[in-house]
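Asker: Before I ask anything, let me first share the structure, which is written out below as structure tokens.
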Amino acid sequence: TKNNSYIIHNPIPRVFGVFMNQSNAPVLANKEVRQALNMSVNRDRIIKDILFNYGIAIDSPLPVSSSTKDSSTIKYDVEGAKSLLAKNGWTINSNDILEKKLGSNRQTIEFSIETTDSPELKLIAEYIRKDWAELGVKVNIKVFEFGDLSQNIIKTRKYDSLLFGQIINKDLDLYAFWHSSQRNYPGLNIAMYVNSKTDKLLEEARSTYDDKMRMDINKSFEKTVKDDVPAIFLYSPEYIYIVANKIKGLDIESVANHSQRFYGIDKWYIETSDVWRVFTK
């Protein structure tokens, strides 16, 4: 019951977002398009309606921790996104889709989002589609069974954009997800991201054992990636665990998967007893 238990909910080191494949969808190679898409996603509504508030909005390739659960830097600005696109020559055509004249041709902002058939991600894809439709962006949602998505879409990099999640390890090693050498399978750079500066930073982060130095390197990496907008980062989910009030000594601050809730179980206790002070020295 409510009086006999409480809920622990801490962020899981996972990053969910829409990862852009600019090679497959040339319209996404326009930086202002990616910026406008990033500005016009209502992350708070996704978290409230779909995740029931058990998630944290992010705009970074780094997962949040329980000590940095702050989404105040995320800018949701549909009008600003429209203005940015207009300044760069994008106008609404007769089909209510944004387009831009490129020489004798016209380019429209139309692309697909590929994702897996989980109920949560299908709903999120639909929410994002509606958000971007307000700008004049046409999004086609393509849903695949996980094995099919992995083997025939992700492995071959045949997607315009991918709504997917990354599981980040405890030491925040992001090399496999963002280094340019990892663009092709079995690498995990699903945004097909290439930047010599971030490559160097990722290599430096791997070669240091100094936690402070690695943190500084990751901050520089984060700043560069956020400026390049290779993906629209959405949220980190929260781990939910119901605990009886009588159980003490829990420390579930950094849980990467469900089994890790039992780390430190040897320190859990229910009862205490008085011990003479002489025996505690």
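The values are calculated or read from the model by the stated rules, or taken from the named source; none is laboratory data. Keep in mind that what you see is a predicted model, and the values were worked out from it rather than measured. So basically every Cβ, Gly included, is an ideal-geometry build from the backbone, and we count neighbours across all protein chains shown. Ligands, DNA and RNA are stripped out before the accessible areas are found, and what is left, the full protein with its side chains, is counted by its heavy atoms. Shrake-Rupley method; radii C 1.70, N 1.55, O 1.52, S 1.80 Å.
Asker: Could you list, in sequence order, all residues of segment 200-220 that are surrounded by fewer than 18 Cβ atoms within 10 Å (Cβ to Cβ) and in a helix (DSSP H, G or I)?
Answerer: Applying the first criterion (surrounded by fewer than 18 Cβ atoms within 10 Å (Cβ to Cβ)) to segment 200-220 yields 200, 203-204, 206-213, 215-216, 219-220.
Those that are surrounded by fewer than 18 Cβ atoms within 10 Å (Cβ to Cβ) and in a helix (DSSP H, G or I): K200, E203, E204, R206, S207, D211, K212, M213, M215, D216, K219, S220.
Asker: Let me ask you something else. Can you tell me which residue within segment 1-47, out of those that are of a type in the set (A, V, I, L, M, F, W, C), touching a residue at least 40 places away in the same chain (Cβ under 8 Å) and in a helix (DSSP H, G or I), is farthest from K170 (Cα to Cα)? Let's see the steps before the verdict.
Answerer: Residues of segment 1-47 of a type in the set (A, V, I, L, M, F, W, C): 7-8, 12, 15-16, 18-20, 25, 27-29, 33, 36-37, 39, 41, 46-47.
Now drop any that are not touching a residue at least 40 places away in the same chain (Cβ under 8 Å), which leaves 7-8, 12, 15-16, 18-20, 25, 27-28, 33, 36-37, 39, 41, 46-47.
Then keep just the ones that are in a helix (DSSP H, G or I); that gives 27-28, 33, 36-37, 39, 46-47.
Details: V27: 35, L28: 32, V33: 33, A36: 32, L37: 30, M39: 29, I46: 26, I47: 24 Å.
Here the answer is V27.
Asker: Among what's in segment 62-77 and is at pLDDT below 95 and not hydroxyl-bearing (S, T, Y), pick the residue that is nearest to S40 (Cα to Cα).
Answerer: Among those residues, the one meeting the criterion is K75.
Asker: Still on this structure: Could you look through segment 139-171, keep only residues that are assigned to a strand (DSSP E or B) and open to solvent by less than 30 Å² (accessible area, probe 1.4 Å), and pick out the one that is nearest to R45 (Cα to Cα)?
Answerer: L163
Asker: For E126, which of the numbered conditions (1) farther than 24 Å from D227 by Cα; (2) modelled with pLDDT of 95 or more; (3) in contact with a helix residue (DSSP H, G or I) (Cβ under 8 Å, 6 or more places away or on another chain) fails to hold?
Answerer: So the condition that E126 fails would be (3).
Asker: Which of the residues belonging to segment 172-187 are on the phi < 0 side of the Ramachandran plot and open to solvent by less than 80 Å² (accessible area, probe 1.4 Å)? Explain how you work it out, then say what you get.
Answerer: Restricting attention to segment 172-187, the residues satisfying the condition of being on the phi < 0 side of the Ramachandran plot are 173-187.
Those that are on the phi < 0 side of the Ramachandran plot and open to solvent by less than 80 Å² (accessible area, probe 1.4 Å): D173, L174, Y175, A176, F177, W178, H179, S180, S181, Q182, G187.
Asker: Can I ask one more? Return the only residue of Y185, Y209, Y239 being in contact with a His (Cβ under 7 Å, 6 or more places away or on another chain) and either free of Cβ contacts under 8 Å to residues at least 60 places away in the same chain or among the aromatic types (F, W, Y) (or both).
Answerer: Numbers: Y185 fails: in contact with a His (Cβ under 7 Å, 6 or more places away or on another chain); Y209 fails: in contact with a His (Cβ under 7 Å, 6 or more places away or on another chain).
So the residue among Y185, Y209, Y239 that is in contact with a His (Cβ under 7 Å, 6 or more places away or on another chain) and either free of Cβ contacts under 8 Å to residues at least 60 places away in the same chain or among the aromatic types (F, W, Y) (or both) is Y239.
Asker: Something else: Return the total of residues in segment 97-116 being free of Cβ contacts under 8 Å to residues at least 40 places away in the same chain, closer than 25 Å to R157 by Cβ and open to solvent by less than 70 Å² (accessible area, probe 1.4 Å).
Answerer: So the count comes out to 0.
Asker: Another one. Can you tell me which of G80, G136 is at pLDDT 95 or above, of a type outside the set (K, R) and loosely packed, with under 15 Cβ neighbours inside 10 Å? Working first, answer last.
Answerer: Details: G136 fails: loosely packed, with under 15 Cβ neighbours inside 10 Å.
On inspection, the qualifying residue turns out to be G80.
Asker: For segment 182-199, give me the residue count where each residue is under 19 Å from G165 (Cα atoms) and assigned to a loop (DSSP other than H, G, I, E, B).
Answerer: Keep residues of segment 182-199 that are under 19 Å from G165 (Cα atoms), which gives 182-193.
Now drop any that are not assigned to a loop (DSSP other than H, G, I, E, B), which leaves 183-193.
So the answer is 11.
Asker: Assess whether A176 counts as being without any contact (Cβ under 8 Å) to a residue 12 or more places away in the chain and among the aliphatic types (A, V, I, L, M). Outline the logic, then answer.
Answerer: Numbers: without any contact (Cβ under 8 Å) to a residue 12 or more places away in the chain: no; among the aliphatic types (A, V, I, L, M): yes.
It is false that A176 is without any contact (Cβ under 8 Å) to a residue 12 or more places away in the chain and among the aliphatic types (A, V, I, L, M).
Conditions tested, residue by residue: (1) charged (D, E, K, R); (2) at pLDDT below 95; (3) touching a helix residue (DSSP H, G or I) at 6+ places or on another chain (Cβ under 8 Å).
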site: T156; (1), (2), (3): no, no, no
site: S161; (1), (2), (3): no, no, yes
site: G165; (1), (2), (3): no, no, no
site: I190; (1), (2), (3): no, no, yes
site: V194; (1), (2), (3): no, no, yes
site: D210; (1), (2), (3): yes, yes, no
site: Y241; (1), (2), (3): no, yes, yes
site: A244; (1), (2), (3): no, yes, yes
site: I247; (1), (2), (3): no, yes, no
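Asker: Which residue out of L121, L51 is touching a residue at least 40 places away in the same chain (Cβ under 8 Å), among the aliphatic types (A, V, I, L, M) and outside any helix (DSSP H, G or I)? Before the answer, list the steps.
Answerer: Working: L121 fails: outside any helix (DSSP H, G or I).
Answer to the selection: L51.
Asker: Return the pairs, sorted by first residue and then second, in which the second residue is in a helix (DSSP H, G or I) and surrounded by fewer than 18 Cβ atoms within 10 Å (Cβ to Cβ), the first residue lies in segment 192-203 and is touching a residue at least 24 places away in the same chain (Cβ under 8 Å) and of a type in the set (A, V, I, L, M), the beta carbons are less than 9 Å apart, and the residues are 6+ apart or on different chains.
Answerer: As it stands, the answer is M192/S180; L202/Y175, since those pairs meet every condition given.
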